Amino acid sequence: MYAVIDSETTGLSHAKDRIIELAIIGLDESGDVEWEWCTLLNPQRDTGHGLAIRNHQIYASDVVGAPTFADCAGHVADLLGPRVLIGHHLRFDLQMLMAEFRRLGHEIAAPAGICTLELARRHGLYPADLSSCCDAFAIPMTGAHYALADARATVELCRRLLDFSEYMDRAHASKCGDVQPWPAIRPKDFTPVARPILPARTKATRRQSSQTKGGKSRTKVPDIESLVLDPSCPDLTYLAAVETAIADRAISHEQALALRSLAMELELSDSQVTNVHLLFLRGLAGSMWADGEISAHERYDLGLTGGALGLDEAQVELAIQTPVDLELVSPTAALCQGDKVVFTGEMAISRAEWTRRAQEAGLRIVGSVSKRTRCVVVPYSETGSSKSRKARELGVEVVGEQRFARMLERLSTSAASERTSTTSQE
């Protein structure tokens, strides 16, 4: 009877931009959920820029293994079928869908639909964006700008604004009675790729002293242990290799074989290897706790890293609760004053602030990538931008924002030590 749709896109132009995440929820005539379907989509280009990527936080690395719209088109058409569409700002999602089908050679007349944005405005709700409407009706949102989360919220909102049992028999029956069919496209075999729905990427969990404040108990920040590693220790060689391999939060089959071979060469036991993996994760946790708080996304990042290293949930939690101040030990982590650095993508810290910090540390910020570029800094390890692609073609290191922060701190500490040494000699 009904199909609730929501999409995340590379931008706002249906002529130029692409859908990169699509969710469809099927409802029966009473508005009860029959099924849910959602997948990321590979747009075969970057996943957006500016406000778009800041909102949806979908990067090229997230969609690299996802199906294209062409792969899913037949299945999408079958799901939508002769159903009345529902969406919040339905016109936008519908235009994006029609544009995707048009690229495949299928012109579609706009089908009938119900826009909860318009319904909300008729009910006097201003502002009428999805988040504000959900707040007005006390509808919980598990994650804004996740297509499935937004579609679920739209279902609940529509239930508050519309009586499904009477809808088709009343004023809108003539409008939605003749539903235009979607094109008949032979379905292809593909595997949907879903992303976990997480809280907003803001500092969500403030960790302070265990004193009470405002009558509420606060959790104490774990002590970040200082750690000095012996440079001659074979564990350190293996740690440097792990640090390099896990930079993108995943270890390929080839990297796993290389790490296993190195561990055997260094005569490290399985328990020693596990301890190094745990030590790395404790160091990563230490860098996250350094500002006195940890976010849901940082916890997710730790879980993702721990999983790639073969650590279980208990070991990940142990790393979170026993953080250490661990310097980056890989030779590739060392920056030198005068190194050329390129920034690309929307990051947690503004470009202006990163530029200021890097220049204060003696780095040169340039706008284009060449063989002389020291590294390209990207958010969450990848953006799919032309700069990061060119960097990989030229063999230039691509580093995530968090890793660059630690590299920058290492450079600043080294420079300060040199100044202190020079002053004492004078």
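Got a sec? How would His277, His49 order by Cβ neighbour count within 10 Å, fewest to most?
Neighbour counts put them in this order, fewest first: His49, His277.
Compute log10 of I(q)/I(0) for segment 2-176 with the Debye formula, placing one identical point scatterer on every Cα and leaving out solvent, at q = 0.16, 0.17 Å⁻¹, to two decimals.
Ignoring solvent entirely, the Cα scatterers give -0.96, -1.09.
Net charge within 11 Å of Arg406 by Cβ-Cβ distance, Lys/Arg positive one each and Asp/Glu negative one each, not counting Arg406 itself?
Values: positive: Arg403, Arg410; negative: Glu243, Asp325, Glu327, Glu401, Glu409.
The answer is -3.
So between Ala110 and Ile365, what do we pick up on full extension, going 0.36 nm a residue minus the alpha carbon distance?
Numbers: separation 255, 0.36 × 255 = 91.80 nm, distance 4.81 nm.
Using 0.36 nm per residue and subtracting the Cα-Cα distance, I get 87.0 nm.
As a footprinting exposure proxy, order His56, His75 by other Cβ within 10 Å, with the fewest listed first.
Least to most surrounded, the residues fall as His75, His56.
Sticking with the crude label model, points 7 Å out along Cα→Cβ, report the distance from Arg260 to Glu29 in nm, one decimal please.
Each label point is offset 7 Å from its Cα along the Cβ direction, giving 5.9 nm.
Would you order Ser412, Ser388, Ser287 from fewest to most other beta-carbon atoms within 10 Å of each residue's own beta-carbon?
Result, fewest neighbours first: Ser412, Ser287, Ser388.
Hey, could you get me the Stokes-Einstein D for segment 225-325, Kirkwood radius over alpha-carbon pairs, 10 °C and 1.306 mPa s, rounded to whole µm² s⁻¹?
Working: Rh = 13.8 Å.
Approximately 115 µm²/s, per Stokes-Einstein.
Just subtract the alpha-carbon distance of Arg160 and Ala194 from 0.36 nm times their residue separation and send over the number in nm, one decimal.
Contour length minus the Cα-Cα distance gives 9.5 nm.
When the dipole is taken about the Cα centre of segment 220-288, and only Lys, Arg (+1) and Asp, Glu (-1) are charged at their Cβ, what size is it in debye, to the nearest 20?
Values: 4 positive and 10 negative charges, 55 e Å.
Roughly 260 debye for segment 220-288.
Along Cα→Cβ, 7 Å out, is where each label goes; now give me the distance between the ones at Arg392 and Arg121 in nm to one decimal.
So the label points at Arg392 and Arg121 sit 4.2 nm apart.
Every number here is computed from the coordinates shown, using simple stated rules; none is lab data. All figures in this text were calculated on a predicted structure; none of them were measured in a lab. Counting neighbours? That spans all protein chains shown, and the Cβs are built from the backbone with ideal geometry, glycine included.
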